[in-house]
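The values are calculated or read from the model by the stated rules, or taken from the named source; none is laboratory data. Just so it is clear, the structure is predicted and the values come from calculations on it, not from any experiment. Reconstructed Cβ throughout: ideal geometry from the backbone, glycine too, with neighbour counts over all protein chains shown. With ligands, DNA and RNA removed, areas are computed over all heavy atoms of the protein, side chains included. Shrake-Rupley method; radii C 1.70, N 1.55, O 1.52, S 1.80 Å.
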Amino acid sequence: DQMLGIGGKGGVGQVLAAVAAALLLRLFAGPGPALLPENESDEEGGEGGAGEVDDGGAPITGKVSPVTIRWANITCSLSDKSSKSVRFLLKNVSGEAKPGRLLAMMGPSGSGKTTLLNVLAGQIMASPRLNLSGLLEVNGQHLSNKSYKLAFVRQEDLFFSQLTVRETLSLAAELQLQEISSVEDRDEYVDNLLFKLGLVSCADSRVGDAKVRGISGGEKKRLSLACELIASPSVIFADEPTTGLDAFQAERVVETLRQLAQDGHTVICSIHQPRGSVYWKFDDILLLTEGAFVYAGPARDELLAYFSNLGLYQCPDHVNPAEFFADLISIDYSSTESVYSSRKRIDGLVEAFSQQTSLTFYANSLARKESPKGSLKLSKKTITKGRGSWWRQFWLLLKRAWMQASRDGPTNKVRARMSIASAMIFGSVFWRMGRSQTSIQDRMGLLQVAAINTAMAALTKTVGVFPKERAIVDRERAKGCYALGPYLLSKLIAEIPVGAAFPLLFGSILYPMSRLHPTLSRFGKFCGIVTVESFAASAMGLTVGAMVPTTEAALALGPSLMTVFIVFGGYYVNAENTPILFRWVPRVSLIRWAFQGLCINEFSDLKFDYQHPYDIQSGEQALERLSLGGSCIRDTVMAQSRILAFWYCTTYLLLEQNKPRYQRLESPPADLIQPTEIQLEPLEIDHEVQSYEQVEPPPLDQGKPGQQRESLPADQLNMFDLGGL
């Protein structure tokens, strides 16, 4: 066998080199698309990135187009093949969200709030076990949720920690707002966002993370809103924006959402048991329990009046209405009797609401094909990607990557200290090696641990950081901010100065302490080999991070994979004795090629002291013992470079393959949307004379949504008593 499949002269190496070259060509020559193809529009969801265009094709910035969203017969179920059961997450729900109003989804944990929010935003992850059906209407037209500009604010606030608030918004604006070419106009736009979201006081503070103290949790949540508001979305979805915040910060975030609604946005948020002052900021409320609506309509006094008119559900004075509703629609699992009683109460409330409102009204409205007059005209042709040329994306991403890498003081300090400590420990163990026969084994051992230490340090750093960064990149790519090629190239180039510093620091301390081949050229080659190996290990870490979903999984998989490369690293198992089944492993082992290069650099032209004719007299004889004769340093460096390119291309393919894919909303069964002649008007409330019809709430039979239920006798109404609430 000649050398390596990746870096040698064999046919396998040529094939892999050709594949890597083709992928690199695709990586660096990818186009910067302007319009989203229609087939992609139908198949893939996004977190935005869609926008209206004027006649000139430029997205309209700063102008909010009013959007009314209506949905009907939304049903979401999850099947379990092992138990052959089906769990309904949403049960035939219908509703409406209007511009200028803040709509809040409330309910106990597991009630379906986040599921419904994700359905409306098109953020339900695709799964063969999931069945999603229903109708979605945007301004009177049957269009997907990608036909208008939307913002989706998730529970987790993910940012590049070393950037300031202003830099985060400025870079996001440069990536998304290509039509604003003037730097002054863009800065003014960012300043307006900072003022609007109350971020002026922390504009020049770093965002921070668990290692570096930065802005507060409330400021991070408002920064998330600001990043999503850059493209002037018509609809804003916020998934539990107050989670993890104190009462004051939570109220400020909700107040920000309310102001955005007053500015003309359609704002929909899910929220879990807000404080009393927050409750009164909502314009509309959806109360969900076990995937079904208990109430959908105006908030504040109208909601309290609705339950009080049922006869048994009067909210006590000086009690937070949100807490009262949470108790009202939650199941009490303290005893069998309480479970039975609370479940009957909830079933009755669901049935009462279904009788008081007209679900058929929504279905009939959504079944119409014609659009109402004056509604906003939307079409797939208006969907545009808000990103510029390939090289513009590259320079902006390079700027961001360099700021993140160079400013990460805590991480860089830890890596520097570890490099110094490792070099001093190894240098002390292998202190000033001589030219005796025993020094041959010592030199090989030192070169092996140097290769292992360099690779493991680079690998663990990358796999500990990249999975979190990948979540940010996935979100930005879903919004159409940039392509994958510019991101990977910018990341590689930005990390070269910082990534090269630590192997150089390690080598500059270890080399003189251990008294390796004492020439300047050999020292330079030593540092160059470990530096290239460090980059190859980082590229491998990117692949591992792209392969698994979490940091914990990456930290478990990365070192395990590296251990295999260490075993076949050229020191523990001779290449000639490697089983045929595993002959390919040394050819792709970056440890092997680094060790081989270091050995050639050290042992070439080196003479040893000997006493017997059979002793090793020269470094070339030592290389022959390791089956490393006949090669040069250039071959090993080229092999590592090809391994680096291979891992980067693999990362590219994995990120493309594993990009988020969202579940499509299928049409509901025809019997659920058949129009009828009965047209019920939405419920109206007279504040002076409340004339709700008393409803007898029957129990809900556990079955499929829309199933017919039997009425509950009037003498059982007392079972819906809250029992002391």
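Values computed for the structure shown
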item	result
One residue from 472, 452 being farther than 25 Å from residue 210 by Cβ and aliphatic (A, V, I, L, M)	452
Search result, residues across segment 313-330 that are in contact with a helix residue (DSSP H, G or I) (Cβ under 6 Å, 6 or more places away or on another chain) and open to solvent by 30 Å² or more (accessible area, probe 1.4 Å)	314
Residue match in segment 343-350 (condition: open to solvent by 40 Å² or more (accessible area, probe 1.4 Å) and at pLDDT 90 or above)	no
Residue count for segment 86-126, restricted to those that are open to solvent by 40 Å² or more (accessible area, probe 1.4 Å) and closer than 13 Å to residue 662 by Cα	2
Any pair with Cβ under 7 angstrom, 6 or more apart, that starts in segment 181-197 at a residue that is among the acidic types (Asp, Glu) and ends at one that is open to solvent by less than 80 Å² (accessible area, probe 1.4 Å)	none
So residue 510, is it over 31 Å from the mean Cα position of the chain (by Cα), at pLDDT below 95, more than 19 Å from residue 464 (Cα to Cα) and not in a helix (DSSP H, G or I)	no
Matching strands (runs of 3 or more DSSP E) fully within segment 68-111 where at least 1 residues are in contact (Cβ under 8 Å) with a residue 12 or more places away in the chain and closer than 20 Å to residue 328 by Cβ	85-97, 102-106
Scan of segment 254-278 for residues that are assigned to a loop (DSSP other than H, G, I, E, B) and of a type outside the set (Gly, Ala, Ser), ordered by number	263, 265, 271, 272, 273, 274, 275
Leading residue by the ranking (nearest to the chain's Cα centre (by Cα)) among those in segment 162-203 that are open to solvent by 30 Å² or more (accessible area, probe 1.4 Å) and of a type in the set (A, V, I, L, M)	200
Those residues of segment 295-309 which are surrounded by fewer than 24 Cβ atoms within 10 Å (Cβ to Cβ) and in a strand (DSSP E or B), in sequence order	296, 297, 298
Cβ-Cβ under 7 Å pairs, at least 6 apart or on other chains, segment 646-670 side among the charged types (D, E, K, R), far side not in a helix (DSSP H, G or I)	661/44; 661/126; 666/132; 666/133
Tally, over segment 170-185, of residues that are under 26 Å from residue 468 (Cα atoms) and in a loop (DSSP other than H, G, I, E, B)	1
The one condition in (1) at pLDDT below 90; (2) within 18 Å of residue 650 (Cα to Cα); (3) surrounded by fewer than 22 Cβ atoms within 10 Å (Cβ to Cβ) that residue 557 fails to fulfil	(1)
Qualifying residue in segment 118-134 (condition: touching a Ser or Thr at 6+ places or on another chain (Cβ under 6 Å), more than 22 Å from residue 326 (Cα to Cα) and of a type in the set (S, T, N, Q))	yes
Odd one out for residue 275 among (1) farther than 13 Å from residue 113 by Cβ; (2) at pLDDT 85 or above; (3) not acidic (Asp, Glu)	(2)
Within segment 572-628, considering residues that are acidic (Asp, Glu) and not in a loop (DSSP other than H, G, I, E, B), the one nearest to residue 439 (Cα to Cα)	602
Condition check for residue 374: modelled with pLDDT under 85, buried (at least 18 other Cβ atoms within 10 Å of the Cβ) and not in a helix (DSSP H, G or I)	no
Any hit, segment 279-288, residues being under 28 Å from the mean Cα position of the chain (by Cα) and either in a strand (DSSP E or B) or without any contact (Cβ under 8 Å) to a residue 60 or more places away in the chain (or both)	yes
Count of segment 573-586 residues which are open to solvent by 100 Å² or more (accessible area, probe 1.4 Å) and touching a residue at least 24 places away in the same chain (Cβ under 8 Å)	2
Selection within segment 416-470 - loosely packed, with under 15 Cβ neighbours inside 10 Å and of a type in the set (Gly, Ala, Ser)	416, 421, 428, 434, 436, 445
Boolean, residue 569 is at pLDDT below 90 and buried (at least 24 other Cβ atoms within 10 Å of the Cβ)	yes
Cβ-Cβ under 7 Å pairs, at least 6 apart or on other chains, segment 150-162 side within 17 Å of residue 406 (Cβ to Cβ) and touching a residue at least 24 places away in the same chain (Cβ under 8 Å), far side of a type in the set (D, E, K, R) and open to solvent by less than 40 Å² (accessible area, probe 1.4 Å)	160/400; 162/408
Selection within segment 46-68 - in contact with a Lys or Arg (Cβ under 8 Å, 6 or more places away or on another chain) and either modelled with pLDDT of 50 or more or over 23 Å from residue 142 (Cα atoms) (or both)	65, 68
Pick from segment 204-213, criterion in contact with a helix residue (DSSP H, G or I) (Cβ under 8 Å, 6 or more places away or on another chain) and at pLDDT below 90, ranking: least open to solvent (accessible area, probe 1.4 Å)	212
Sole residue being farther than 21 Å from residue 256 by Cα, part of a helix (DSSP H, G or I) and out of contact with any Phe, Trp or Tyr (no Cβ under 7 Å at 6 or more places or on another chain), chosen from 188, 167	167
Odd one out for residue 659 among (1) outside any helix (DSSP H, G or I); (2) at pLDDT 75 or above; (3) within 30 Å of residue 435 (Cα to Cα)	(3)
Residue tally, condition among the polar types (S, T, N, Q) and either within 16 Å of residue 288 (Cα to Cα) or in contact (Cβ under 8 Å) with a residue 12 or more places away in the chain (or both), over segment 309-337	3
Lone unmet requirement of (1) in a helix (DSSP H, G or I); (2) open to solvent by less than 10 Å² (accessible area, probe 1.4 Å) for residue 480	(1)
Filter pass, residue 188 being modelled with pLDDT of 85 or more and among the acidic types (Asp, Glu)	yes
Count of segment 237-253 residues which are buried (at least 24 other Cβ atoms within 10 Å of the Cβ) and among the hydrophobic types (A, V, I, L, M, F, W, C)	3
